[in-house]
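One structure is given here, and the rest of the page talks about it.
Bear in mind these aren't lab numbers, they're just calculated from the coordinates by the rules spelled out. This structure is a prediction, so every number in the text was calculated from the model and none was measured. Glycine gets a Cβ as well: all are built from the backbone with ideal geometry, and neighbour counts include every protein chain shown.
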Protein chains: 2
Amino acid sequence: LGGFYRSLNKNLEMEIVMREKLKLVKNAAGRLVPTMVNGVKTIPYKGVGKYSPKGLKAAPPIRSCIDYPTSGNKIVGSLQEALKKCGLKNGMTISNHHHFRNGDLVMNQVFDCAAAMGIKNLRWFPSASFPCHKSMIDHMDSGIIHHIEGSLNGPLGNYVSEGKMKGLAVLRSHGGRWQSIQDGEVHIDIAIIAAPTSDPFGNATGDRGPSACGLLGFGLADSLYADHVIVVTDNLVDFPCVPWQIQGNNVDHVVVLDKVGEPNKIVSGTTQITKSPDRLYIAEFTAKFVKAAGIMKEGFSFQAGAGGTALAFAIYLREMMKEAGVKARFIRAGSTKYLVEMLEEGLTDYILDGQTFDLEGVRSIRENAGHTNTSPFTSYNWHGKGNFASMLDAVVLGATEVDVNFNANVVTHSDGKMLHGIGGWQNCLFSKCTILPIPSFRNRIPIIVDEVTTLVGPGEL
Amino acid sequence: LGGFYRSLNKNLEMEIVMREKLKLVKNAAGRLVPTMVNGVKTIPYKGVGKYSPKGLKAAPPIRSCIDYPTSGNKIVGSLQEALKKCGLKNGMTISNHHHFRNGDLVMNQVFDCAAAMGIKNLRWFPSASFPCHKSMIDHMDSGIIHHIEGSLNGPLGNYVSEGKMKGLAVLRSHGGRWQSIQDGEVHIDIAIIAAPTSDPFGNATGDRGPSACGLLGFGLADSLYADHVIVVTDNLVDFPCVPWQIQGNNVDHVVVLDKVGEPNKIVSGTTQITKSPDRLYIAEFTAKFVKAAGIMKEGFSFQAGAGGTALAFAIYLREMMKEAGVKARFIRAGSTKYLVEMLEEGLTDYILDGQTFDLEGVRSIRENAGHTNTSPFTSYNWHGKGNFASMLDAVVLGATEVDVNFNANVVTHSDGKMLHGIGGWQNCLFSKCTILPIPSFRNRIPIIVDEVTTLVGPGEL
């Protein structure tokens with residue numbers, strides 16, 4: 001929304017503006033933003049609901065069965081062979097989902113292959129990157145990756161914050177990423193879908209296999225709109241892989257590796273509730289507010305992430321729901337053990353899940369019919385015929401900063417370093433009641449500020 | 001493939017050619033076909049695998065949540081109101097799925113609304129029409145419907161066969177219909193999705209509700225590619241309707257009627273096996289062939305429809321599988337009680353289902369995780385990255401005629417009357433072994449002929 005141009009120190013900011021020959025304009029939030037980003041014309045923020053997209057959705061090429069094996073067996077021998085068959089060349093865009101989080105073993109190999117093939121100037125378009133992708137820094141230094149568009153966590157965020165990347169970083173919300181693909185703003189040449197389980201046709205699911213991650217919704221747009229789609233798995237099953245969260249009919253090649261993910265870094269074995277007395281206190285207040293405001297009533301809905309405070313909120317709320325004999329119709333998640341317990345105790349009819357955060361979430365989405373697989377299309381895409389986000393009665397989110405005008409920041413720290421992804425945060429602001437339960441201070445740094453470093457969500461939402 | 005131009009008597013044929021000012025060319029099957037059909041340039045059949053589609057898929061308009069209710073409630077008061085909101089006007093294309101078969105109560109009302117609104121020259125684009133749609137003849141006579149593109153059964157087939165329709169009939173296979181929408185050959189202005197169960201957002205399923213029809217796959221392309229989508233239901237449930245076979249995110253309006261279908265005409269209470277000794281004998285031969293040819297082995301797959309002989313084939317095969325201790329990996333269906341029994345007895349891991357033919361099929365797809373919802377996209381679309389049809393080890397189909405060059409006919413009788421739909425028949429020909437178990441004669445009319453009346457499937461397949 002507001003973006004990048006308060007997130008760096010002023011000197012570095014001006015250096016990048018001059019290096020990239022950027023022209024800046026003031027957007028509706030009063031922030032200076034570039035008119036072009038990485039060679040693409042931008043649409044500066046106009047205010048909530050003020051921009052109406054026009055035109056037609058992006059359209060992938062029509063394919064023909066004549067070019068695919070009639071046996072349905074699309075397995076090729078290696079990642080490199082698959083990339084060659086997809087016609088990988090300089091300047092292309094390679095995408096992936098981040099359901100493997102910090103346990104991903106695939107994407108470093110993909111860019112190592114690109115390096116071995118002598119490819120340059122790629123755009124990496126993950127739904128998010130993690131510390132495990134630190135070696136991409138070498139690929140950026142050597143020009144194999146030109147720049148990254150996607151949420152940046154840890155070392156990559158640090159690298160970019162220091163102005164070392166050639167192109168500009170573009171962070172998008174989950175919904176914003178779907179929109180950018182659907183609307184044709186980002187054209188994906190090759191999508192990599194790491195899959196905990198797949199059949200040779202490319203039907204794939206995230207809910208089982210040694211690298212089980214729950215679901216694959218963040219890769220759905222990639223599979224639908226990319227020119228070429230490669231499924232990479234370490235758990236090949238006979239056709240048909242049921243359920244299929246990714247449809248083999250959208251897949252070009254299947255690559256089987258020994259290991260695609262580190263299970264303990266993909267999902268936690270257990271979910272940690274915050275132990276901070278302050279945060280617990282804030283979480284309890286939040287739950288009490290939701291009850292006192294009359295939001296917690298029969299058939300209501302809420303969303304709470306896996307962050308310490310949000311998790312504690314859900315636990316307080318659960319007790320209040322039990323006491324009051326109130327049942328939710330649905331919970332939007334990031335699923336955890338605690339939300340699964342609520343489903344299995346009958347405190348909600350459904351979990352509409354975007355990603356599973358722990359092993360209980362994975363088990364539940366595999367076993368419970370009421371634990372439902374969603375995607376940014378269903379939940380967050382603003383350029384659609386409605387989405388789920390606006391139907392939520394209450395949403396509890398985090399923030400790195402909130403200012404006195406209720407503008408909030410979620411990607412940068414107060415020192416300007418961009419260390420977190422946006423996730424579904426911006427999309428969730430459209431709920432009926434969005435709550436940011438934050439402390440006034442963290443590590444002696446004020447969290448309530450006069451003006452947020454990076455404006456990620458406008459106060460009016 | 002071959003088409004229309006042997007299906008009528010010569011005089012009527014020439015009359016239509018002259019009336020429509022058609023230019024005819026000889027296609028690769030040696031049949032004269034028009035170069036233009038209903039104002040659209042045709043691609044005459046070039047031979048199996050000889051035509052490669054080019055270009056990009058059709059792209060529906062980008063929408064914005066700003067134009068849809070944040071509550072997710074898209075219910076409007078009546079069909080007519082929904083059609084008005086969709087901007088219904090002269091010359092538009094209105095589509096629907098045929099999962100309600102001869103029990104559909106929606107589409108006659110839709111065109112009655114169009115008549116009341118004074119709309120003319122509509123193209124009706126159903127996945128199939130049935131005798132219950134007989135009143136569309138009045139709408140064609142009065143010019144409300146210009147012509148129908150879709151499989152024609154019974155009275156409408158008769159009407160068209162007599163040359164009374166203004167435009168030309170176009171019959172497509174299930175896969176061909178998907179292709180025509182996906183490739184942009186047919187642009188749907190308004191799609192009507194009759195839904196046994198829906199929520200106010202438009203998430204819809206066919207597997208439950210008083211008009212349960214099993215699944216809604218024939219309406220999937222319509223929901224994805226149409227400019228406007230209306231869900232019509234008689235069983236409204238609170239959001240979310242889970243499972244959703246049609247995604248509310250593709251739906252513009254929801255209309256609630258007292259009754260959308262006649263349950264006993266949507267699915268049969270029971271499935272009838274043929275009682276004809278000849279057909280039973282042929283069915284048994286077919287099953288014996290499948291066994292003797294080594295096709296019936298552990299992990300194999302087959303498809304058999306709900307026709308009398310195909311059904312009997314499945315029953316013979318089941319006994320042989322039990323005797324031999326052989327289990328199938330999957331059965332493609334048209335599901336019936338008998339296939340459901342095979343699933344529940346463990347004789348197959350999966351039923352990959354395109355439509356349910358009886359109440360047991362409906363129950364099973366609702367209850368059995370191995371009974372899987374498919375669509376023409378997964379199974380039949382030839383303009384995709386492979387499809388399921390080519391993976392089948394054996395497929396048993398019907399035919400109205402087969403000629404000495406193995407060309408077959410499935411839409412016209414030997415008298416030239418077009419009385420049946422193509423269904424998935426053409427698509428299924430791509431299986432590893434396609435069997436047409438037909439008698440030599442039916443009602444004293446030869447079924448094995450020198451040359452089929454209408455060439456629907458070429459002998460080489």
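Points worth noting:
- Among A:Ile94, A:Val48, A:Gln245 - extreme Cα towards positive end, dipole of chain A, charges at beta-carbon: A:Val48
- For the rotation that carries chain B onto chain A, the axis lies closest to a Cβ at B:Ala59, 2, where the number is the distance in whole Å.
- Database remark: amide H of B:His371 closer than 5 angstrom to the amide H of B:Ile351 (H placed geometrically; neighbours at sequence offset of 5 or more, or on other chains; Pro and chain starts carry no H).
- Zone of A:Lys432's modelled label, taken as backbone nitrogen in the range A:365-388 under 16 Å from a point 7 Å along Cα→Cβ: A:387-388
- Debye-sum result for the range B:71-264 in log10 I(q)/I(0), which assumes one identical scatterer on each alpha carbon, at q = 0.17, 0.18 Å⁻¹: -1.07, -1.21
- Placing +1 on the Cβ of every Lys and Arg and -1 on the Cβ of every Asp and Glu, with no other charges, gives the range B:71-264 a dipole of roughly 300 debye about its Cα centre.
- Per-residue ellipticity at 222 nm computed for chain A from its helices equals -7000 deg cm²/dmol, with DSSP H segments shorter than 4 residues left out and the rest contributing -39,500 (n - 2.57).
- Relative contact order, percent, the range B:277-449 [alpha-carbon distance under 8 Å, six or more residues apart]: 19 percent
- Rounded to the nearest whole Hz, the Karplus-based 3J(HN,Hα) values (6.51 cos²θ - 1.76 cosθ + 1.60, θ = phi - 60°) of the range A:453-461 follow the sequence 4, 10, 8, 9, x, x, x, 4, 7, with x at glycine and proline.
- Relative to the compact-globule estimate of 2.2 N^0.38 Å, the Cα radius of gyration of chain A comes out at 0.96.
- Backbone HN-Hα couplings from phi across the range A:97-113 [Karplus 6.51/-1.76/1.60, Hz, Gly and Pro as x]: 8, 10, 5, 8, 6, 7, x, 5, 10, 9, 5, 4, 5, 4, 6, 5, 4
- Relative contact order (%) - criterion: Cα under 8 Å, at least six apart; region: the range A:283-356: 31 percent
- Beta bridges from DSSP with both residues in the protein assembly as shown: antiparallel share about 25 percent, rounded to the nearest 5.
- B:Lys134 label point (Cα plus 7 Å toward Cβ) to equivalent points in the other copies: 7.7 nm, shortest first.
- The same position A:Pro61 in the other copies lies at 3.0 nm from this copy, comparing label points 7 Å beyond Cα toward the beta-carbon, shortest first.
- Summary of the geometry: the range B:91-134 and the range B:165-182, compared by the centres of their Cα atoms, lie 15 Å apart.
- Charge dipole magnitude, Cβ of K and R +1, D and E -1 - the range B:277-449, Cα centre, debye nearest 20: 240 debye
- Magnitude of the charge dipole for the protein assembly as shown, about its Cα centre and with charges confined to Cβ atoms of Lys, Arg (+1) and Asp, Glu (-1), is about 1880 debye.
- Here the Debye sum runs over all C-alpha atoms of the range A:214-267 as equal scatterers in vacuum, and log10 of I(q)/I(0) at q = 0.23, 0.26, 0.32 Å⁻¹ comes out as -1.09, -1.29, -1.38.
- For the range A:325-461, alpha-carbon Rg relative to the globular expectation (2.2 N^0.38 Å, N residues): 1.15
- Around the amide H of B:Gln355, modelled in the peptide plane, lie the amide H atoms of B:Gly334, B:Ser335, all under 5 Å away and 5 or more residues distant in sequence or on another chain.
- Figure legend: label point modelled 7 angstrom from the Cα of A:Lys265 along Cα→Cβ; residues of the range A:133-156 with amide N under 14 Å from it are A:133-137, A:153-156.
- Projected over every direction and averaged, the convex hull enclosing the alpha-carbon atoms of the protein assembly as shown yields 37.7 nm².
- Summarised in one figure, the compactness ratio Rg/Rh of the range B:260-319, Cα atoms and Kirkwood Rh, is 1.10.
- Theoretical FRET efficiency, 1/(1+(r/R0)^6), r = Cβ-Cβ of A:Leu12 and A:Lys275, R0 35 Å, to 0.05: 0.45
- Separation of the B:Val40 and B:Ala292 label points, Cα + 7 Å toward Cβ, nm: 4.5 nm
- Taking every alpha-carbon pair under 8 Å whose residues sit at least 6 apart, chain B reaches a relative contact order of 16 percent.
- The range B:117-221: GluC sites (Glu not before Pro) falling in loop per DSSP and having at most 14 other Cβ within 10 Å: B:Glu162
- Solution diffusion estimate, µm²/s, Stokes-Einstein, the range B:1-154, Kirkwood Rh from C-alpha pairs, 25 °C, viscosity 0.890 mPa s: 132 µm²/s
- Convex hull volume per residue in cubic angstrom - Cα atoms of the range B:103-144: 62 Å³
- The H on the amide N of A:Val229, modeled in the peptide plane, is under 5 Å from the matching H of A:Ala191, A:Asp252, A:His253, each at least 5 residues off or on a different chain.
- Shown for A:Cys433, B:Cys213, A:Cys241: other C-beta atoms within 10 Å of each C-beta, ranked fewest to most, produce the order A:Cys433, A:Cys241, B:Cys213.
- Sorted shortest first, the distances from the A:Gly163 label point to those of the same residue in the other copies are 8.1 nm; each point sits 7 Å from Cα along Cα-to-Cβ.
- Cβ-derived FRET efficiency at R0 25 Å, A:Asp415 paired with A:Lys166, nearest 0.05: 0.60
- From phi via Karplus (6.51, -1.76, 1.60), per-residue ³J(HN,Hα) for the range B:350-366 in Hz, x at Gly/Pro: 9, 10, 9, 10, x, 6, 9, 9, 9, 5, 5, x, 5, 4, 5, 5, 6
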